[in-house]
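Trainee: Below is the structure I would like to discuss, written out as structure tokens.
The values are calculated or read from the model by the stated rules, or taken from the named source; none is laboratory data. Everything numeric here is computed off the predicted structure, so don't read it as measured data. In this analysis, Cβ positions are derived from the backbone assuming ideal geometry, glycine residues included, and neighbour counts consider all displayed protein chains.
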Amino acid sequence: MNGTAHMAIGATTGFIVANTLQTDPITTLSLVGFGGVSGLIPDLDVNGKLRNTFTASHKFFRTLAQIIGVLMMIYSYLKGVGQEQWLGIGAGIGILIIASFITKRHMLTVAGIGVLAGGLSLGENWVWLFGIYIIIASLVSHRSYTHSIIGLLYFGVIAYYFQESLGVAGIFITCFSGYASHLLADMKLLPFNKRGVKFFLPLSSKEL
């Protein structure tokens, strides 16, 4: 099933939750959006459609990182003093080296590390947990762990903390249901799917 269909189904789950809770228009729109995004999240894995969309601009980020590295070296050389100067230049060189390894394949991993660091810095549980999810998703094959019960339960934890952070009722069930809808829509039991999902990884690799 394509990404548009997954997003539409996820958005529908958000609308159903909003209608059940009789939320105001702004909350309803938010839940529809959260459901739509959650319906796409499992495809952050290797060769997933969402991942391929996200990493399309990896060359831009690599160039940006290289520019930052060069500017840091110049700034440190002109403004730094003693050890501080050499540390700044060394950091700039380090950024240049790391940037050279940023490929389309590794872009999502780099983004996950950034989200993880940002979440820890902000003290937001759902953000750093999502960073870990992104890192793992960037390393596992398509329709494996992100499409399993383990992936669903882990995303449920993220959704729980996300609701706690925003304080809006319905976010947890919307995000959880949106994610679950993706797995159900990818099942081999549906006639238009040639492949299924491995719900019970790592206990079983059988596709359903």
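Trainee: Read through the list (1) surrounded by fewer than 21 Cβ atoms within 10 Å (Cβ to Cβ); (2) in contact with a Pro (Cβ under 8 Å, 6 or more places away or on another chain), then give the number of the only condition that Ser141 fails.
Mentor: All conditions pass for Ser141, except number (2).
To keep it simple, each residue is scored yes or no on (1) surrounded by fewer than 19 Cβ atoms within 10 Å (Cβ to Cβ); (2) modelled with pLDDT of 90 or more; (3) under 30 Å from Leu184 (Cα atoms).
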{"site": "Met72", "(1), (2), (3)": "no, no, no"}
{"site": "Gln85", "(1), (2), (3)": "yes, no, no"}
{"site": "Arg105", "(1), (2), (3)": "yes, no, yes"}
{"site": "Ala111", "(1), (2), (3)": "no, no, yes"}
{"site": "Ile149", "(1), (2), (3)": "yes, yes, yes"}
{"site": "Tyr160", "(1), (2), (3)": "yes, yes, yes"}
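Trainee: OK, next. Check Leu120, Leu139, Leu152, Leu201 and return the single one that is of a type in the set (A, V, I, L, M), without any contact (Cβ under 8 Å) to a residue 12 or more places away in the chain and either in a helix (DSSP H, G or I) or over 27 Å from Thr20 (Cβ atoms) (or both).
Mentor: Details: Leu139 fails: without any contact (Cβ under 8 Å) to a residue 12 or more places away in the chain; Leu152 fails: without any contact (Cβ under 8 Å) to a residue 12 or more places away in the chain; Leu201 fails: without any contact (Cβ under 8 Å) to a residue 12 or more places away in the chain.
Only one candidate qualifies: Leu120.
Trainee: Have a look at Phe130, Phe155 and point out the one that is more than 27 Å from Ala65 (Cβ to Cβ) and out of contact with any strand residue (DSSP E or B) (no Cβ under 6 Å at 6 or more places or on another chain). So that I can check it myself, show each step before the final result.
Mentor: Working: Phe130 fails: more than 27 Å from Ala65 (Cβ to Cβ).
After applying the criteria, what remains is Phe155.
Trainee: If you scan the range 78-90, which residues turn out to be in contact with a helix residue (DSSP H, G or I) (Cβ under 6 Å, 6 or more places away or on another chain) and either within 14 Å of Ile68 (Cβ to Cβ) or in a loop (DSSP other than H, G, I, E, B) (or both)? Before the answer, list the steps.
Mentor: Of the residues in the range 78-90, the ones in contact with a helix residue (DSSP H, G or I) (Cβ under 6 Å, 6 or more places away or on another chain) are 80, 85, 88-89.
Listed by number, the residues that qualify are Gly80, Gly88, Ile89.
Trainee: I would also like to ask the following. Residues being over 21 Å from the mean Cα position of the chain (by Cα) and either outside any loop (DSSP other than H, G, I, E, B) or closer than 16 Å to Asp45 by Cα (or both): count how many of those fall in the range 155-198.
Mentor: Number satisfying all stated conditions: 2.
Trainee: Continuing with this model, one more query. For Gly196, are the conditions met, namely being modelled with pLDDT under 90 and among the small types (Gly, Ala, Ser)?
Mentor: Details: modelled with pLDDT under 90: yes; among the small types (Gly, Ala, Ser): yes.
For Gly196, the condition - modelled with pLDDT under 90 and among the small types (Gly, Ala, Ser) - is met.
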